[in-house]
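First the structure, in the form of structure tokens, and then the observations on it.
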């Protein structure tokens, strides 16, 4: 009986471990690529490398985070998810005199919205893929928030700008909306009309996609409120 339980435990452990690897494509800083199976990235303090396998049966190889440009994951349901590792900056200070703070470390961020005009990323501590192929992002503490963060990036920028906290349980902290408006108004100062709409509370932190699509419309010359 003891041997059976031991074998059962080992079987469950192997299955659990195998489930952590997903079909993927890694592009490295030097432009080279590898296709196979990789674990999802993590921003946990003690993680510094991605475990990768050419096939599910082969021994894993570790690739240092600093050598990787991005990782594309394919799920069984046909979904694709892109992770990029970038620096992040936050906006603080008063509405009249906002300031920017750059975090020294780089963080793995999940691409949530992509347009030639602007991209949106969500950053957390750990990431999981559910049965439908969707990504679950867990809370992080290592870059100064008690929630996941939503960041924007334009084509001429290299550093993500944190705009608000993620739409998860517990994210509606005191002052979330006012901080969102301050950050968004500062970030979109290249479109004064949009800034006024943000300050008039037309957009809320949980409606990030609507804000992004509105900005894209302005940049493409479609500057109506429709």
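The values are calculated or read from the model by the stated rules, or taken from the named source; none is laboratory data. These numbers come from a predicted model, not from an experiment. Positions of Cβ are backbone-derived with ideal geometry, glycine not excepted, and every protein chain shown enters the neighbour counts.
Table: residues versus (1) modelled with pLDDT of 95 or more; (2) buried (at least 18 other Cβ atoms within 10 Å of the Cβ).
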| site | (1), (2) |
| --- | --- |
| 13 | no, no |
| 19 | no, no |
| 24 | yes, yes |
| 37 | yes, yes |
| 43 | no, yes |
| 46 | no, no |
| 50 | yes, yes |
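Give the residues of the stretch 52-93 that are touching a helix residue (DSSP H, G or I) at 6+ places or on another chain (Cβ under 8 Å) and surrounded by fewer than 15 Cβ atoms within 10 Å (Cβ to Cβ), sorted by residue number. Listed by number, the list holds a single entry, 56. Residue under question is residue 205, and the condition is that it be farther than 30 Å from residue 39 by Cβ, in the same structural domain as residue 100 (by TED's automatic domain parsing) and at pLDDT below 95; does it hold? Yes, satisfied. Spot the failing condition for residue 97; the list is (1) assigned by TED's automatic domain parsing to the domain that holds residue 175; (2) within 24 Å of residue 133 (Cβ to Cβ); (3) surrounded by fewer than 15 Cβ atoms within 10 Å (Cβ to Cβ), and only one is missed. Going through (1) assigned by TED's automatic domain parsing to the domain that holds residue 175; (2) within 24 Å of residue 133 (Cβ to Cβ); (3) surrounded by fewer than 15 Cβ atoms within 10 Å (Cβ to Cβ) one by one, residue 97 breaks only (2). Residues considered: 170, 133, 175, 144. Of these, the only one that is closer than 23 Å to residue 39 by Cα, at pLDDT below 90 and more than 14 Å from the chain's Cα centre (by Cα) is 133. Only a single criterion out of (1) surrounded by 15 or more Cβ atoms within 10 Å (Cβ to Cβ); (2) within 16 Å of the chain's Cα centre (by Cα); (3) modelled with pLDDT under 95 is not satisfied by residue 105, namely (1).
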